[in-house]
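Read through the structure below, which is laid out as structure tokens, and then see the notes.
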Amino acid sequence: TPAQLADAAALPRRAALAHAVYAPEVRHPVEVGADQQAHLVAWLSKRLGAPLKPPQLAALGYALEGGRLLPGHSGPVAQFMYRDSGGARLTLYVSTEQADGKETGFRFAQEGQVGVFYWIDGRYGYALSGNLDKAALAAVANAVYAQLEPAG
């Protein structure tokens, strides 16, 4: 339906906006830090009503910095933030609001300076955002997808 298509198109916009707002933050980039990862995951999973598991991206040079709860279209969404040794940040936006439950492959959107790879898996919507070139972001998105897929 047109509403479902609009909802899927809104996913990368919302994720890019959340990335643009929080990625430059120096003092408060996340609500709960990675040092409290068990608490962070339990809290966000409870709020979204679904088990969440932040992917491990250390092999690609990105460490989990933490996460936060954000308002989505019709309920809460989660944002996990990662940082590399040079200070560059990536964010993974996770929504459980995809009503149609249809799966999509990877899609790419450019929202200003922010590149976004996004996909839908059942009721989950995922969007990986960063100020990286498309190829570099695609490599991380593939790693994220590979880790999330078995749990889905």
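For the range 33-117, chymotrypsin sites (Phe, Trp or Tyr not before Pro) are listed when DSSP marks them as loop and at most 12 other Cβ atoms sit within 10 Å of their Cβ; the list is empty. With a cut-off of 12 Å between beta carbons, the residues surrounding PRO29 carry a summed charge of +1, where Lys and Arg count +1 and Asp and Glu -1.
With the contact rule set at Cα under 8 Å and sequence spacing of 6 or more, what percent relative contact order holds for the range 2-148? It comes to 22 percent, rounded to a whole number. Proximity of backbone amide H atoms, modeled 1.01 Å from N, is registered between GLY72 and VAL77 at under 5 Å, excluding neighbours fewer than 5 places apart on the same chain. Within a straight-line Cα-Cα reach of under 23 Å, LYS102 can be paired with the following lysines, leaving aside sequence neighbours fewer than 8 residues apart in one chain: LYS53. For the chain, excluding the exposed loop sites themselves (GluC sites (Glu not before Pro), DSSP loop, at most 15 other Cβ atoms within 10 Å), the longest remaining stretch covers 26-102. Normalised by the residues of the range 81-128, what does the relative contact order come to in percent, with Cα pairs under 8 Å and at least six apart? Once normalised by length, the contact order is 38 percent. Of the trypsin sites (Lys or Arg not before Pro) in the range 51-114, the ones in a loop by DSSP (not H, G, I, E or B) with at most 15 other beta carbons within 10 Å are LYS102. By accessible area, using a 1.4 Å probe on protein heavy atoms only, the chain has 55% of its surface on carbon and sulfur. Within the shell of other residues whose beta carbon sits under 14 angstrom from the beta carbon of HIS19, the net charge comes to +2, with Lys and Arg scored +1 and Asp and Glu -1.
The values are calculated or read from the model by the stated rules, or taken from the named source; none is laboratory data. Remember, predicted model here, so these are calculated numbers, not experimental data. In this analysis, Cβ positions are derived from the backbone assuming ideal geometry, glycine residues included, and neighbour counts consider all displayed protein chains. The area values use the complete protein model at the heavy-atom level, side chains included, leaving out ligands, DNA and RNA. Shrake-Rupley method; radii C 1.70, N 1.55, O 1.52, S 1.80 Å.
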